[in-house]
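For reference, the structure discussed in these notes is given below.
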Ligand code: GUN
C-alpha cells in the first residue's frame, strides 16, 4: 500500500509556482493577484480562507482579503463582485462558500466574470470543462487529478466510482475522470443517496473517489483488493485531545480500508492540501492570461 502524500506534493508544487512567479516578475511581468471575499465567521471558512492567503504568500502572489459581516446584503456583495470584475489589478477572485441563507450563491457565482473565476464555479467554466475546452477547473477535482498524475496511477480503462454528486466535487470529478486525457479515460459511475446498490458498485471499482461528507462511510467490505482510494471527506468531529477541540474525519474508514489498497489518501494530508494548491495554479494561469485574455 502506498500512502499518497498530498502535503509533500502540494509543497513541491508551491515551490514550482513560486519559481515561475519570480521569473515572471524578473522579466518585468505582473505578480499574480488573488482576492477572496469572506462573509461571516464560519469556522471552516475562516480556516480555508486563511490557508488560501498563506498559500498566496508562499507562491509569491499578491492577495487581498475582503470581509463582510453575515448581515451584508446581496446587493452589497454583488456590487463588490462587480468592482473586482472591473479591477485590472485583480487577476482572479473567489467568494468563499457557503454564504448566509439570504444571499443567492448561484446569483453571486454567475455575477463573477468567468475570466476571473479561479474557483471554476461559473457555468461557462463548468460547461467548457464538460466539453473539454480550456477553462478554470474546480480545485478539489483538479488536485486529485494532479495526485493521480504525480503518482503515475493508471486510470485509462479503469472502473472509477465517484461517491457524491456535488457541483464542486462529484460532478467535475466524474467529468475529469471520463475525459479523453491522461489521467482520465476511465469508465465512471457516480453514486449518490438514491443509488440502488452502492456497495456493489464500490466492490467492482478499481478507483473509488469518496466525496459524500459522511465520516467512515467506506468500509473494508466495500473495497476490492488493490483498489485506489481517494478520500475527499473533511468532516469536523469533536476530539477532546486536540487543541481546536475537533479533528478532520474522512469518508473512508482508513484503518481497515488502507491494507487492501494499492494507493490511498490520508485525512488530513491527502486531498486537502492539493485543493488549495490547485487554486494557486488557477491564479497563476489567471495572472498569465493563459486561458482567457
Ligand atoms: N467552500 C468549500 N470549498 C470551496 C471552494 O473551493 N471555493 C469556495 N469559494 N468556497 C468553498
TODO: Please find the FRET efficiency linking residue 154 to residue 224, where r is the Cβ-Cβ separation and R0 is fixed at 22 Å, and quote it to the nearest 0.05.
DONE: 0.90
Task: Cα-only radius of gyration and Dmax that characterise the range 100-181, units Å - done: 13.9, 45
Task: Exposure proxy ranking, count of Cβ atoms within 10 Å, fewest first, for 246, 217 - done: 246, 217
Open item on the list: Whole angstrom only: what separates the Cα centroid of the range 211-261 from the Cα centroid of the range 1-56?
Closed with: 25
Open item on the list: When only alpha-carbon atoms are used, what values of Rg and Dmax, in angstrom, describe the range 24-135?
Closed with: 14.5, 46
- [ ] Could you tell me which of rounded, prolate or oblate describes the range 1-84, using a ≥ b ≥ c as the square roots of the eigenvalues of the alpha-carbon gyration tensor, with rounded for a/c under 1.5 and, failing that, prolate when a/b is larger than b/c and oblate otherwise?
- [x] oblate
- [ ] Calculate the all-directions average of the projected area of the chain's alpha-carbon convex hull, and give it in nm².
- [x] 15.5
Task: the range 66-118: mean projected area of Cα convex hull, nm² - done: 3.4
Task: Virtual spin-label span in nm between residue 22 and residue 3, 7 Å along Cα→Cβ - done: 3.1
Open item on the list: Running a GNM on the chain with Cα contacts under 10 Å, which residue among 116, 14, 200 ends up with the highest mean-square fluctuation?
Closed with: 200
Open item on the list: Within a 10 angstrom radius of the beta carbon, how do 241, 47, 175, 283 rank from fewest other beta carbons to most?
Closed with: 241, 47, 175, 283
TODO: Over all alpha-carbon pairs in the range 199-293, figure out the percentage whose distance exceeds 23 Å.
DONE: 38
- [ ] Indicate the gyration tensor shape class of the range 213-260 (rounded, prolate or oblate), computed on the Cα atoms with a ≥ b ≥ c the square roots of the eigenvalues: a/c under 1.5 is rounded; otherwise a/b larger than b/c is prolate and the rest oblate.
- [x] prolate
TODO: Order by neighbour count: 189, 140, fewest other Cβ atoms within 10 Å first, most last.
DONE: 189, 140
- [ ] Calculate, in whole percent, how much of the Cα-Cα pair population of the range 125-267 lies beyond 18 Å.
- [x] 54
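Read-outs throughout are calculated quantities, based only on the coordinates presented, and are distinct from any laboratory measurement. The model shown is predicted, which means the values in this text are computed figures rather than measured ones. When we count neighbours, we look across all protein chains shown, and the Cβ atoms used for this are built from the backbone with ideal geometry, even at glycine.
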